[in-house]
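Worksheet: one structure, shown below.
The values are calculated or read from the model by the stated rules, or taken from the named source; none is laboratory data. Note that the structure is a prediction, hence the values are computed from the model and not measured. Glycine also receives a Cβ, built like all others from the backbone with ideal geometry; neighbour counts cover every protein chain displayed. Side chains are part of the model used for accessible areas, which takes the heavy atoms of the whole protein and leaves out ligands, DNA and RNA. Shrake-Rupley method; radii C 1.70, N 1.55, O 1.52, S 1.80 Å.
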Amino acid sequence: PEPILAEQTAEPKWSLDFIEQYLDGDNGKAGSPAMGAIVYRKAQCAACHKFQDSGEVIGPDLTSLARRFTRRETLESILYPSHV
């Protein structure tokens with residue numbers, strides 16, 4: 001089926017602009033790699049994606065993600081995984 005982006009629905013729960021604005025604020029800058037690792041495991045990203053020595057190789061390896069893509073491109077891929 002054709003992917004439907006959140007902006008196309010009547011009331012999107014999260015928007016790309018909202019998340020970017022949050023990450024640019026004080027709360028977003030207070031993140032930590034340790035908490036990110038917990039989220040990576042709890043969200044079951046490791047079931048498909050490898051990051052350093054953790055995870056599977058079903059989906060793309062996320063180890064060098066920050067060097068290859070902008071933050072906005074990464075957020076778009078998380079919010080709309082079937083878009084690209």
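With all protein chains kept in place, the per residue accessible area of the chain amounts to 83 square angstrom at a probe of 1.4 angstrom.
Using a probe of 1.4 angstrom, how much of the accessible area of the range 19-63 is carbon and sulfur, in percent?
Carbon and sulfur: 57 percent of the exposed surface of the range 19-63.
When the Cα positions of Ile58, Gly25, Thr74 are compared along the charge dipole of the chain, Ile58 comes out farthest toward the positive end, with charges on each C-beta of Lys, Arg, Asp and Glu.
Here the Debye sum runs over all C-alpha atoms of the chain as equal scatterers in vacuum, and log10 of I(q)/I(0) at q = 0.14, 0.16, 0.21 Å⁻¹ comes out as -0.58, -0.77, -1.24. Which whole-Hz couplings ³J(HN,Hα) result when phi for each residue of the range 42-58 is put into the Karplus expression 6.51 cos²θ - 1.76 cosθ + 1.60, θ = phi - 60°, listed in order with x for Gly and Pro? Values per residue, Gly and Pro as x: 5, 7, 6, 4, 5, 5, 10, 10, 8, 9, 6, 9, 10, x, 9, 10, 6 Hz. Using a cut-off of 15 Å between beta-carbons, work out the net charge of the residues near Leu23 (Lys and Arg +1, Asp and Glu -1, Leu23 not included). Neighbourhood net charge equals -3.
Taking the Cα centre of the chain as reference, the dipole from Cβ charges on Lys and Arg (+1) and Asp and Glu (-1) amounts to some 360 debye. Work through the residues other than Lys50 whose Cβ is under 10 Å from its Cβ and net out their charges, Lys, Arg +1 and Asp, Glu -1. Net charge in that neighbourhood comes out at -3.
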